[in-house]
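The values are calculated or read from the model by the stated rules, or taken from the named source; none is laboratory data. Only a predicted model underlies this, so the values are computations on that prediction, with no experimental measurement involved. Glycine also receives a Cβ, built like all others from the backbone with ideal geometry; neighbour counts cover every protein chain displayed.
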Amino acid sequence: MRVLLTILLLASLSCYSQGTVVFKDGTKAKRDNLYRHLVNNTISKNLALPLSDSTEDNWQDAFYAIALLQNKDPKIDRKINEAVNDVLNRSVSFQRALLEILYDRYPGLYLKEIRQVYNSTADPKLFAMCGEYLLKSLKNPTEKNQLLNLAKKKAEAGMQGPHLDQLMYAIVNSGKAVVIPSLHTLLTKNYLKGNVLLISFQRRNRNYPGLVVIRDSSGNFMKDESGNFFSVPQLARSIYNLPGYITNGNTPEGIFRMDGFDTSRIGMIGPTTNVQLTMPMEYHAHHFYRDSTLADSIGSLQLYKKLLPQNFRNYFPLQQSFYAGKAGRTEIIAHGTTVDPGYYTGLPYFPFTPTMGCLCTIEMWSPTDGRRIKSDQQLLTNAITSGGGPHGYAIVININDDKKPVTLDDILPFLKLAGQK
């Protein structure tokens, strides 16, 4: 699935010796050509094929391109409707791909059909995706209890695992105020002492960009040339806007191991240095917890909790990266972007570009020759390097549900309370 689309999005990248970074496919002409190809071939031609077992992959490629481009077209709506009407006859992978695009683009429109999948599926990930789709539109406590009761019955019948745990938490806490412990404990000088920390503060509504700050290996937060705390805006939204424990969903809350720098040849990420991140379950315990004496006990939630300040150890939302890793999510990193921000004009996160669940900063490329002309990602990697290098931890945390981007003013009171000057 999506192999052809991935090939199409491979980059033509180069870095000149003087340090000028170039993305050759970032010119206006190349971007226009890619857009036309995705619309005319990946979307239109694929959806023109009759839906069958042999064409499911074609339709799934089209779903991804629709989400990427944010295309709105009555013809697309009719094809989505056709897919929903046949959803019970389709494979689990097709059902998941359909739920991805339904969750953000067609909320509440197919409650009856998705409830049928919710009732019948034995796949934990698909069950959770259906539950989240239904929960998004349900306001009545009785209807929410019906979702929860079925989840409990699935558990009694043998369905177990992180998807079910996270879904049940979401149902039980739907509509309730989130009481977050004081953020200052994450910002103190001695927290995870000796580690460089990347801390990304986000809104619960990931349509609004967050803000990332860097603490150096001595425990002090990095500052810019003006003497202010260093920060750059950072988006933690996926193109599907699904919860973070689901593959291709938003960046999970919680702790990640910061695991070095790398560069990518994937066109959507681009040539700017990215920050490698890993979650629990991607590698052995001694790697994630930076302790060579540990055996393979990476599945231990208690071990994960020891990385958190005392006041956060029973705060379930900050355990999401643990459960996401346990659920099989991988390859979440902090990177720049070469995606045309014009796809998202008018959306709350413009000019950011959403991803498949990574942390993404703003980058801009010359429309004439593809030269990099702005890069918050480069500023971020420079700050990490100055702070001691990309070996420590990254923390992603939702601070509240305000309908606006996170700014440094949101964080300054907690930095002051933590004794950071």
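L307 falls short on exactly one of the conditions (1) part of a helix (DSSP H, G or I); (2) within 30 Å of M159 (Cα to Cα); (3) over 20 Å from the mean Cα position of the chain (by Cα), and that condition is (1). On the given criteria, is D369 among the acidic types (D, E), over 24 Å from Q70 (Cβ atoms) and surrounded by 15 or more Cβ atoms within 10 Å (Cβ to Cβ)? Against the criterion (among the acidic types (D, E), over 24 Å from Q70 (Cβ atoms) and surrounded by 15 or more Cβ atoms within 10 Å (Cβ to Cβ)), D369 does not qualify.
If you filter segment 224-265 down to residues that are small (G, A, S) and over 11 Å from the mean Cα position of the chain (by Cα), you find that the one that is nearest to A170 (Cα to Cα) is G254. A327: touching a His at 6+ places or on another chain (Cβ under 7 Å), among the hydrophobic types (A, V, I, L, M, F, W, C) and more than 22 Å from D216 (Cα to Cα), yes or no? In short, yes.
Residues in segment 50-88 that are among the polar types (S, T, N, Q) and loosely packed, with under 13 Cβ neighbours inside 10 Å: S52, S54, N85. In segment 186-196, is there at least one residue being under 29 Å from Y344 (Cβ atoms), at pLDDT 95 or above, of a type in the set (A, V, I, L, M, F, W, C) and in a loop (DSSP other than H, G, I, E, B)? For segment 186-196, residues under 29 Å from Y344 (Cβ atoms), at pLDDT 95 or above, of a type in the set (A, V, I, L, M, F, W, C) and in a loop (DSSP other than H, G, I, E, B): absent. Just wondering, is there one or more residues in segment 286-300 that are within 25 Å of A177 (Cα to Cα) and either of a type in the set (A, V, I, L, M) or surrounded by 15 or more Cβ atoms within 10 Å (Cβ to Cβ) (or both)? So far as segment 286-300 goes, no, none of its residues is within 25 Å of A177 (Cα to Cα) and either of a type in the set (A, V, I, L, M) or surrounded by 15 or more Cβ atoms within 10 Å (Cβ to Cβ) (or both). Taking each residue of segment 260-272 that is in contact (Cβ under 8 Å) with a residue 40 or more places away in the chain and part of a strand (DSSP E or B) and looking for partners that are surrounded by fewer than 14 Cβ atoms within 10 Å (Cβ to Cβ) and not hydroxyl-bearing (S, T, Y) with beta-carbon atoms closer than 7 Å, six or more apart or interchain, yields I266/L10. Is there any pair linking a residue in segment 215-230 that is assigned by TED's automatic domain parsing to the domain that holds V196 and closer than 17 Å to N195 by Cα to one that is in a loop (DSSP other than H, G, I, E, B) and charged (D, E, K, R), with Cβ under 8 Å and at least six apart or on different chains, and which? Listed pairs, sorted by first residue: S218/K189; G219/K189; G219/K193; N220/K189; M222/D216. Filter segment 311-341 down to residues that are over 23 Å from D165 (Cβ atoms) and touching a residue at least 24 places away in the same chain (Cβ under 8 Å) and give me whichever is farthest from the chain's Cα centre (by Cα). Across segment 311-341, the extreme among qualifying residues is D340. When restricted to residues that are buried (at least 22 other Cβ atoms within 10 Å of the Cβ) and assigned to a loop (DSSP other than H, G, I, E, B), segment 198-226 contains 2.
Looking only at residues of segment 265-275 that are out of contact with any Cys (no Cβ under 9 Å at 6 or more places or on another chain) and surrounded by 19 or more Cβ atoms within 10 Å (Cβ to Cβ), we find that the one that is farthest from R372 (Cα to Cα) is V275.
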